[in-house]
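To keep things clear, I will list the structure first and then write my remarks on it.
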Amino acid sequence: MNTSQERDSFQDAFIKNFICVALGIIINHINGVFVYTFCKNAVFYSNSRYILYIHLVTNDMIMLSVTVGLHVVSYAVPFMQVSLCCFLLLLGNMTAKNAPLNLAGMAIERYIAVCKPLHHPQICTVKRTYILICLIWMASTIPALADVFIIIAIKPLSFFNSNTLCILWDIFGTQQHRDRATVVEIIFMLFVWLTLFYTYFMILHIAKNASTDQASAKKAQNTILLHGAQLLFSMLSYIAPFIDMYLVPLFPKSRSNILFTTFLLSHILPRLLSPLIYGIRDQQFVKYIKSYFSYKYEHSSSVKPY
């Protein structure tokens, strides 16, 4: 979030917020098309891959809405009640953690589909998929609750009724919070990267077997590689503060523009990757989306004005 709104002119602030809101609406609209397509076609309901994918898209929509909302609010109403700020920051933080964990789950599903195809229907059931989604949310909720408990332990309850700048490290900036964040991020990233590497190389090994469906194995390999690419983009949110710390002292007059650029690259644009990487590559999704838009076009064309 750009926290330097006091240095921006009205024109600069308007342009930056307009860009954020416009990108947010466009990306959420694109993601919304996939969510709508999923909800309107029961054929997707029984497939664990599509359930995990649509959870990833929905998670991105929530994260994007919260992030853009906080960015706009930081300009319009910079001081916010701590309790509301905590809720929004933690929700954004939880969804940020959900994304890589969801990618790991999708990689495991592809590994089972290729390496254990006979067991895939028994392992990757709809019920177990929703249990996995619940576990993902649980894994991201526990660190968030830990942050709240740390605040309760070191600050009076009246702190939650006070007003403050809604900035993550202003609220959760104690050494305990930083230590907790470092440990959790390392554990999460190690788990996700090890999962991606393991599933990729196992699929690569299985693909060398002549009895394996080569096309399916190759597609699964490419999918997991794309998981890795998306994870790299997701990690921009972790390295963005370090980029800011390095560039801002070098170009102090461009501080606001640097913060805004890293904000776009780390929090906004990566949310566009899910529909581009998975949705457009999936022939079944594309087929239903085309039929939906074709129906709308034909329906609108058939309506004649009086």
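No lab work stands behind these numbers, since they all come straight from the coordinates. Remember, it's a predicted structure, so these values are computed and weren't measured experimentally.
Overview of values
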read-out	value
Rotationally averaged projected area of segment 5-290 (alpha carbon convex hull; nm²)	17.0
Potential lengthening between Leu204 and Gln11 on full extension [0.36 nm per residue; Cα-Cα distance subtracted]	64.2 nm
Helix 126-154 axis, angle to the chain major axis (alpha carbon atoms, nearest 10°)	10
Note, ³J(HN,Hα) from phi for segment 166-179, Karplus 6.51, -1.76, 1.60, rounded to Hz, x at Gly and Pro	7, 10, 3, 7, 7, 8, 10, x, 6, 5, 5, 5, 5, 5
q = 0.15, 0.25, 0.28 Å⁻¹, segment 101-162: log10 I(q)/I(0) [Debye, one scatterer per Cα]	-0.60, -1.01, -1.11
Lysine pairs within the chain, Cα separation less than 25 Å, 8 or more sequence positions apart or different chains	18
Cα-Cα separations in segment 67-219 greater than 26 Å, expressed as whole percent	44
